[in-house]
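The values are calculated or read from the model by the stated rules, or taken from the named source; none is laboratory data. Since this is a predicted model, take the numbers as computed values, not measurements. Methodologically, a virtual Cβ is constructed for each residue, glycine included, from the backbone with ideal geometry; neighbour enumeration extends over all protein chains shown.
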Amino acid sequence: MKKITRRQALAGSGVALAGAAMLGRDALSQRSNKTLAQMDHSKHKMPAQMDHSQHKMPAPKKLVAESNAVYRTPKGNPWYARTVDPDANFPPGEPGKDYTPVVVPNGATLPFQIVGDSKVFHMVAEEVTTEFAPGFKAICWGYNGHMPGPVIEAVEGDQIRIYVTNKLKVPTTVHWHAVILPCNMDGVSGLTQRTIKPGETFRYEFKAVQHGTFMYHSHKDTMTQEGMGLFGMFVIHPRKPKRERPDRDFALMLHEMDIKPGTYRPDTSVSSGFNTLTLNGKVFPGTVPLVAKLNDKVRIRFGNLSAMDHHPIHLHGFAFRETETDGGEIPETAWRPETTVLVGVGQTRNVEFVADNPGDWAMHCHMTHHIMNQMGHGLPNMVGADPKLLDQAIGNLVPGYMTMGTEGMIGMGQMAAHMDMPENSIPMVGANGPHEYIGAGGMFTVFKVRENLTSYDDPGWYAPPKGTMARPATQDEMDEDGIFVT
Ligand SMILES: [Cu+2]
């Protein structure tokens, strides 16, 4: 390689600079007929002359508000989101007595202690190794060993204190999404507080003045931090529910990541083509079923903190009502019957119904790419192709070669059992089901309803009553019903 000396390099750049200056001067004089000497340079101070004092942020005097700031909406305001009197005092709500705890499939609820009249929680932001489904893991971020973080559960009127310890190597904050609280408890880095540095513990305190399904997430470098898994659900139960409490109250967070086969960390720089679509941090078949007894009153709370995608979640076998958003309860007169609920990014949606139809019912995102796992993304379309000639040709070079995908994607899930898979990847779809291979992955789970249950553990696969199952038609039946196949 030809080396150049420092002198040559300087000489060369000098020529280039002179040329640029001349070009600049020509251009300027053409535009304004002003020479450089005539121009007023006073506005263009050199960095050394600049006054930096105005760019210094004043040091915040108080980092954490210490009082329960009293926040009220004038009486009679129709948009009054608070559902209890902010001045009223309530004892800390107790599970079983004041509320029926939520069920968190594949997840956990954050423990608390009662100190005086307050409910005290401790969250630890840290690295968490997540197993999305057997054989498929990544190093994510989360809270208290969970990704997503555990569900925070409280009751309207509770005085809540949450300590957040940062065990990450980067600064973070926690924002309490849709929770009404004093502004400087809102957790927005820079705007309402400085960040929680690695090793530090911050203290958040507020009174729960509303009930509903809310969330929490990092509000520092959210693309990276939320993308790595720093988020969770925040449920505040009503002190006096208007309706009977549900028998089964499920909490499900929706999220998406991009984890390339063979890698062990989510790529948080992507904005499309996510290949790991999760329900409470799992992909099917890693998702545990939601289990209910026949005629249980069921509520499912969905929260979506995906980076880019809204998820239309479809439940088979029932019609539910959309009853609540993160903005509050929907009046009963406005409840909408649905079988698919669209959960937008940054939104929560509650649906309620009676589990009056026994069986193993699919519940999944209806975006077809969102019920695929990693390997189903970015493939050429081979559907309907005849691979015989190709297989013969390549088979001469690679013994045992088989073209994949000619019958769609499902075969590729099953075929994975006989093939070497790339490191840290799972088949693009599925698991063995009771009747055949189940051709779904990602944001897919099963809602199981049974008549005779002694516990809410997974009861296994549904055994259909006689005469209630689809099966091959007989020729006699077809003849009788006038079905002719040409
Ligand atoms: Cu989706």
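Give 127, 131 a once-over and let me know the one that is closer than 30 Å to residue 422 by Cα and in contact with a Phe, Trp or Tyr (Cβ under 7 Å, 6 or more places away or on another chain). Reasoning before the result, please.
Numbers: 131 fails: in contact with a Phe, Trp or Tyr (Cβ under 7 Å, 6 or more places away or on another chain).
From the options 127, 131, the qualifying one is 127.
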Test: residue in region 374-392 that is within 16 Å of the ligand (Cβ to nearest atom), at pLDDT 60 or above and either among the small types (Gly, Ala, Ser) or assigned to a loop (DSSP other than H, G, I, E, B) (or both) | no
Of the residues 415, 469, 428, which single one is at pLDDT below 80 and assigned to a loop (DSSP other than H, G, I, E, B)?
-> 428
Which of the residues belonging to region 316-349 are within 14 Å of the ligand (Cβ to nearest atom) and either assigned to a strand (DSSP E or B) or at pLDDT below 95 (or both)?
-> 340, 341, 342, 343, 349
Within region 158-176, can one find any residue that is part of a loop (DSSP other than H, G, I, E, B) and at pLDDT below 95?
-> no
Restrict the check to region 228-251 and report whether at least one residue is within 16 Å of the ligand (Cβ to nearest atom), crowded, with 22+ Cβ neighbours inside 10 Å and touching a residue at least 40 places away in the same chain (Cβ under 8 Å).
-> no
Would you point out the residue of region 282-315, among those that are more than 16 Å from the ligand (Cβ to nearest atom), of a type outside the set (A, V, I, L, M, F, W, C) and in a loop (DSSP other than H, G, I, E, B), that is surrounded by the fewest Cβ atoms within 10 Å (Cβ to Cβ)?
-> 295
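If only one of 266, 241 is of a type outside the set (S, T, N, Q), farther than 30 Å from residue 425 by Cβ and part of a loop (DSSP other than H, G, I, E, B), which one is it? Break it down into steps so the answer makes sense when it comes.
Values: 266 fails: farther than 30 Å from residue 425 by Cβ.
Checking each option against the conditions leaves just 241.
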How do the pairs read when you match residues in region 95-113 that are on the phi > 0 side of the Ramachandran plot with residues anywhere that are of a type in the set (A, V, I, L, M) and part of a loop (DSSP other than H, G, I, E, B), using Cβ under 8 Å and keeping only pairs 6 or more apart or on different chains?
-> 106/288
